[in-house]
Amino acid sequence: MEQYSVRAEIQAATNDLRINVNENSESQMEDQDRALANNITQMLESLEPPLSPECCIYRVPSDLRKVNEKAYTPEVISIGPFHHGDKRLETMEKLKVTYFKRFVQKAALNVENLVSIIRDREVAVRRCYAETIQLSSDNCVKMILGDASFIIMFFLTCKPKEWTSTCEDNLTPRLISTLRKDIRLLENQLPFFVIEELYNFAFASCSNLPSFAELAIRFFARSNSRKISLDPNLKIRHFIDLLRTSFLPQSISQRLPQRNRGIKVTHLYSASQLDEAGVKFKVDSSNCLFDLKFTKGVLKIPRIKLHNNTESLFRNIMALEQLHYPFDGYFTDYIRVLDFLIDTPKDVDLLVRKRILVNGLGDSNAVTTLVNNLCRQIFISEANSDYFDLCNHLNNFYEDPWHSWKAALRRDYFSTPWRTASTVAAIILLVLTFTQTICSIISLW
């Protein structure tokens, strides 16, 4: 009996221990689950909110930036939140204060009124960025007001005729050129509407001043190879969007070609290859850079100017299309065709000789490298139907042996007056010899 009692006590104690262990284990698991749930909740709460429909200003993706980081990074000034506070750009902050003071004096307004104007638009401005702006409301308003007033006064100060001379505040032509390049960077933008509304509010009584859109167009006129005009009904999101729009056909709803899903341009012979096959290159007088035409063996291309800041401009427009217009990449389409046409320095020399390309870089190798690198890490979506048909017609023309034979005949025997004269003389001599031989044979009969 005593042994049985001891065993019972041991068994009861063991059961109690097991119950306690199970209870402790369950408690620990509950604590772990609760901690994990809290961690997941924090992770979900830390997510960036979904992009607003008004979003139009983005950071350049890392794979694009790695190709040429300098092309996307401001050198002397920050505009907007993405590069705000960068120590490299602190020097220009003093100039912003100077320009803001001048802006207040010129507009003859109370600073409190200006702050109120920006404060009312702060939320709308924040929605335009692809990332949450990590600034307090006061600091955000201060940044917007300082950057917008600087742009307005800079545009008013640097008139086109003065870009080659020293402007106010000892801004040298070199510094002005760098400022203009920085203001054309995708990451260095303020929404167009907030600058325009501040300008309109400040200078509502100044009838002699142009509209802000006209002021911006005048300022950026030298960024483009043609005169910039703007459809008043078209919404401009920021300066990169303005420059992209300036390259598009003037009547966008009528002239932009269709883009068909699944259709891509994967091949086009280079300019020198097409030239050898008999394609004639001519400069086109069209105001639209994208207006490429191929008819009756003649490829017409509007004149394009390449200079030191061209790569930065083109890359930022293409980055905007990648992020904001992924299925309307008309500028990217054009660069893609240009990339096919320019494969070697020989192609560059041909286009320069035909007055289609103005080489401001001075080196054919530099132009080749620039153009061939523009499409690196660029996602190529559907080609527009006009370019798809153009490339097919050019490829078919090249692959037709009759065109190559004609081109070779023209190149080898009729390329100069002396060769033409020699060829004609040889043909005449051959005909006479043949005639004489026939006559001799007939006389023998």
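Throughout, read-outs are computed from the coordinates displayed, never taken from laboratory work. In this text, all values refer to a predicted model and were calculated from it rather than measured experimentally. Here the Cβ positions follow ideal geometry from the backbone for every residue, glycine too, while neighbour counts run over all protein chains shown.
Before moving on, here are some points about what is shown:
- Nearest-0.05 FRET efficiency for residue 304 and residue 59, computed from C-beta distance (R0 35 Å): 0.75
- Cross-linked pairs 264/354; 264/296; 101/142: Cα-Cα separations exceed 19 Å for 264/354; 264/296.
- Length gained on full extension, residue 389 to residue 358: 8.5 nm, using 0.36 nm per residue less the C-alpha separation.
- Selection from 372, 283, 316 lying farthest towards where the dipole of the stretch 263-402 points positive, charges on Cβ: 283
- Separation between Cα centres of the stretch 57-75 and the stretch 128-147, rounded to whole Å: 21
- For the stretch 263-402: rounded, prolate or oblate by the Cα gyration tensor [a/c cutoff 1.5]: oblate
- The stretch 55-175 shape via C-alpha gyration tensor axes, a/c threshold 1.5: oblate
- Rounded if a/c under 1.5, otherwise prolate or oblate - the stretch 62-252, Cα gyration tensor axes: rounded
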